[in-house]
Structure formats: structure tokens, C-alpha cells
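To start, the structure under review is shown below, and the notes come after it.
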There are 2 protein chains.
Amino acid sequence: MISTFAQNVSQWFQGLQAEIIEGLEELDEQEKFQRDKWERAAGGGGLTCILQNGAVIEKGGVNFSAVHGPMPEKILNALKLEKSNFFATGVSIVLHPQNPLVPIIHMNVRYFEMDNGTWWFGGGIDLTPHYIFEEDARFFHEALKNTCDKTDTAYYPKFKKWADDYFYIPHRKETRGIGGIFFDRLSGSEEERKRHWNFVQNVGKTFLPTYLFLANKHKNDSFTKDQKLWQELRRGRYVEFNLVYDKGTKFGLDTDGRIESILMSMPPEVKWQYNIVPKENSPEAKTQNFLKKEIDWV
Amino acid sequence: MISTFAQNVSQWFQGLQAEIIEGLEELDEQEKFQRDKWERAAGGGGLTCILQNGAVIEKGGVNFSAVHGPMPEKILNALKLEKSNFFATGVSIVLHPQNPLVPIIHMNVRYFEMDNGTWWFGGGIDLTPHYIFEEDARFFHEALKNTCDKTDTAYYPKFKKWADDYFYIPHRKETRGIGGIFFDRLSGSEEERKRHWNFVQNVGKTFLPTYLFLANKHKNDSFTKDQKLWQELRRGRYVEFNLVYDKGTKFGLDTDGRIESILMSMPPEVKWQYNIVPKENSPEAKTQNFLKKEIDWV
């Protein structure tokens, strides 16, 4: 029922999770990930790894899952698919740092297939700085562009736009952060499957060095109480996006997924204050001005 | 275009807002409400009143609005209505107290009408204690039952069940709090309009004395750091409900409403921690056990 290809993908994802966890524990030094293995009644399971109250990471999750079984009705209808068994595997990461000058990062890589031969890859990496530094944004987008270019020079512009459109908060009229790349339903011939898989592996491998560079650069930056407050307010927008718009979160909630794994993306401490408007020309105002689509960072 | 009846309702709602604000400022002593008058481009406007960092109220909003104009397409489709002008007026309240032993309270009363003669009332009051005290829950539900019984003894059981069903968080398999009453689309003959209006006024008048009783009872209770943490974790569930399920919030976001007025319901400070399970037989576990439907409090 589960193809050899899918099993290989899943195994590689598990290795990626282990590698990223090792790298993040080295970064944090103070705290380790708590590892929770879980099983899904209808088939499969996962390994949810959470680090809380670290020196660098205030709260972060690096989750792996490989689930299978009959496709839930709700998804069949939503995706307009016919009744079938499915297999889905992926790695999802959200890291909320202690230091407001270190950005929030999110990565997801996933593979999906059905009994009838349908399959696709999806994923992406995007960055949500509480304070946007232009050189960091350039560094981040260049890293993603390099990764994309290895497979296809058309990928970066296409997937960058996809991220701009996806990580948008209509009710705030702002993007969640500085975007990155986002892609879904990458499918095609057998040859293309290998090509996509190669690309997805490259995306997965881009995560750790890119984040370590940014985190190491800023983890020891001094910051003020006001900057910590701004971080907590920006986290509010992160919550608003994830609970109102994020399709992965919605999918998880709708299909009765393991709630503590899905909501690992929620920040550790969040503030909402009424009608906050940053002072003109402040770093906060500058950041706010960068929260829009179609900024060419590379 | 706007009926005399609707104008009277709206005026009464404004008076109710003023009265509640006065009562809450007396309760708080330390802080006053910030008053923001706003206008809606397509017609009407409102008065958003927010109190932050009070002695009793950590963050609270008491909002009035009266908006009119052509019905937005999105709502026409959602409510399956024909093209028409509409008028909608209401008062919405959410109060997040400083003291974790004081409950969160929410009230809404609203009236809606269209050019074609369609009209209805909606609203309700519900309570979200961070710690559930059975005698307080009884007091609260009895107050609502008394209010309902003045109009119709069938109302309390009906509207109490409606609140149980509405304020439910499927992904947590728990209710938001201990419920209260919830009703919508109360409509009918001219005679029934008067009857409903009388009922809605009674609901509006029930808010202040009921909340003042509970707030005064607990505002000086001593509490621990752990209880404050529990409050902040419970507020996370409040956020999850409001952003994922609350129809009023969704409606506001979908129709490009004034975002700072809609999201006044967001708590001032919220925490998410991974996989919190209260200790057996603790007050937190006891509270958790009460977060279910169909508890008969009266």
C-alpha cells in the first residue's frame, strides 16, 4: 500500500529531523528537545520534539510525522478527490527565539500519495523577523534562491511569489514576515518525481545552516524591554495568521490531528495591546513598512 | 431607510454602553476607558472604548456600533439573502481581569434589519472563569435564568444549550467556559419584535450587576504565580476559540471591519506551553473537568 519511494522519503525526513534537532541543541546549549512519540488510531504516527525555555530558543518544535489510512471525508471533499487510502509524511518546524533580534523561522517539507497513484510534494521556508535587517533578509532570500536555482532558475521567483501571497494577513494588510519560498502539489512524471524529491531534499538541507547563521549572528545582541514587548506583539500577528489563515493548521484541526503537535507553532508568550502604532522612523515602523508583498530581496 | 424602531434600539444601546462603562470605571478605580469614535466608509460607525492596565481589568473593551449601507456580497452569500441595504447595531463586551480568580466575561446584544423588512435580534452573555467556583457558576446561570424567565420560561434552557453548543472548542474537546445564554435570529411579528426587544434590553441590563458581583467578590483574592500562569494558558484557549470558531470575529474579518475593535477580545498577555496537563485533583484539573456541555447549574 505504501510505495517504496514513499518509505524512502519518510526515512530521509526522519533523518533530517534528527540532524536539525542535533544542530539546534548545539546552538541552544542550555536546553534539549523533549521527544514525544505518538500513534494515530487510523494509522501511522509521528515524533514531536519540543524545546522550551532554552537560552536561544524560547519555544520551538521540530516535528516528524508519517500517517496513513483511508482519506478523511472532509479532505476528500476539500481537495475534490475520490475515495482512497493515503500516505502523508513530512517535517514541520517553528522556532520562537528568546532574543527579539533573532527571527522566527518556519519550515515544512512534505510528501503525499494515494493508492490510485496520485502524489505530490509541498513545503517551504519562511522568515518572520520581529525586526527586519535588510542584509539578513537578503542573506535569507539568497540562500533560498541558490537552493532553488540548483533545480530550476524559474523556481525562486515563482515560489517566492507563492510565499508572499500565502503568508499574508488580509485583516492587517501586512505579510507575516519577509516571506521566503512556498510550493505545493509538485507532481508530474516519474522523472519529475525524482527531480522534485531532489529539490525538496535541498530545501530541507537549506534550513539548518541558514537559521544557524542568523541565530548565531543575533543571539547575543543586547535588547531592551521595549524590544521584547514589540516581539510579543508581533507574535500576536503570528498567532492571528496561523489560527485564521494557515491551511496546514486548519487541515490539522479539521481532521482531528494531534493538537499539541499542530499548535506547537503557537508562541510561548504573546501580548495584544489596543491600536499599537510604532513611532515614525523607529526600527519598529521600518519593520512594519517592510511587511508587504513583492519586495525583491536578491 | 433606517426605521424609527432601529434608531431607538441603537440609541438605547448607546445608553447601555455609557452605563456599563461608568459602572466598570467605578469598579476599576485606577484606570479609565479610552474612547475612540470611528466612521465606516460605507456608512455609520461606532464608539470603541478600551481600558488597559487597570487595577481590576487588565484589558477590556465595551464597543458600540451602528453601521449601514449595501449588504456586502460575502454576507449576502453566507446568509443566503437577496441584495438589500442593511442596518446593524450592537454592543459588544469582553473583559480580561487582572486577577485569575475573577472570570473573563463576554456580552453581545445586537439588532439587524434590511430594507425589505427582514429583521432580527441576537446576543448573549457567557462566562469564562480561569478557575470555576460552583457557587459562582450557579449565581451566574441563575441570574441569566431570571432574566430569561421574565419573557419566557422556555428561553433559558433553549439559549443555555445554544451557548453550550456555540462556545465549544472541538480541537480541545472542551467548552470555552461555563457558557451562559446565546441566541440569534430572534424574529417574528410586530408584537414579537416588541417582546424580543424587551428581552434583549433585559439581557443588556443583566450584564453590569452580574459581573460587578463576581468581580467584587474576587478582585482582592490573593493568588500565586502559578495561578497567574494558568490564567495566561487559559487565555490561549480563548484566543483559539475566537480566531478559529467565533462567527462574529470571522464576520468582522471577512467584511473588512475595524480590526482594532474586532480584536479587542484578544487577551493582554497569553502563554502557550507544550502539552500542559493539570495535576490530578488540583483546582486546575477540577476546572478542566467542568469545561463540558450540559452541566445543569441552576
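The values are calculated or read from the model by the stated rules, or taken from the named source; none is laboratory data. From a predicted model like this one, the values you see are computed outputs, not experimental measurements. Note: ideal-geometry Cβ built from the backbone for every residue, glycine included; neighbour counts use all protein chains shown.
Before moving on, here are some points about what is shown:
- Positions within segment B:76-119 being of a type outside the set (A, V, I, L, M, F, W, C), in a strand (DSSP E or B) and over 26 Å from residue B:198 (Cβ atoms), in sequence order: B:85, B:96, B:97
- Inclusion of residue B:122 among residues that are more than 24 Å from residue B:215 (Cβ to Cβ), of a type outside the set (S, T, N, Q) and without any contact (Cβ under 8 Å) to a residue 40 or more places away in the chain is not warranted.
- Boolean, residue B:90 is within 25 Å of residue B:205 (Cβ to Cβ) and not charged (D, E, K, R): yes
- Among the residues of segment A:260-289, the ones that are touching a Gly at 6+ places or on another chain (Cβ under 9 Å) and of a type outside the set (D, E, K, R) come to 11 in all.
- Among the residues making up segment B:219-242, none is in contact (Cβ under 8 Å) with a residue 40 or more places away in the chain, at the interface with chain A (Cβ under 10 Å from one of its Cβ atoms) and of a type in the set (S, T, N, Q).
- Any hit, segment B:55-78, residues being aromatic (Phe, Trp, Tyr) and farther than 30 Å from residue B:231 by Cα: no
- Residue match in segment B:129-144 (condition: on the phi > 0 side of the Ramachandran plot and not in a helix (DSSP H, G or I)): no
- From the list B:170, B:129, B:157, the one residue that fits, being closer than 23 Å to residue B:265 by Cβ and surrounded by fewer than 20 Cβ atoms within 10 Å (Cβ to Cβ), is B:170.
- Yes/no for residue A:217 being surrounded by fewer than 20 Cβ atoms within 10 Å (Cβ to Cβ), over 17 Å from residue A:138 (Cα atoms) and modelled with pLDDT of 95 or more: no
- Residue identified as crowded, with 22+ Cβ neighbours inside 10 Å, within 18 Å of the chain's Cα centre (by Cα) and under 30 Å from residue B:271 (Cβ atoms) among A:23, A:61: A:61
- Once segment B:168-218 is narrowed to residues that are of a type in the set (Lys, Arg) and touching a residue at least 40 places away in the same chain (Cβ under 8 Å), the residue that is farthest from the other protein chains (Cβ to nearest Cβ) is B:195.
- Selected residue (criterion: nearest to the other protein chains (Cβ to nearest Cβ)) from residues of segment A:243-298 that are of a type in the set (Lys, Arg) and either touching a Ser or Thr at 6+ places or on another chain (Cβ under 7 Å) or crowded, with 19+ Cβ neighbours inside 10 Å (or both): A:271
- Search result, residues across segment A:2-45 that are within 14 Å of chain B (Cβ to nearest Cβ) and either aliphatic (A, V, I, L, M) or touching a residue at least 12 places away in the same chain (Cβ under 8 Å) (or both): A:31, A:32, A:33, A:34, A:35, A:36, A:38
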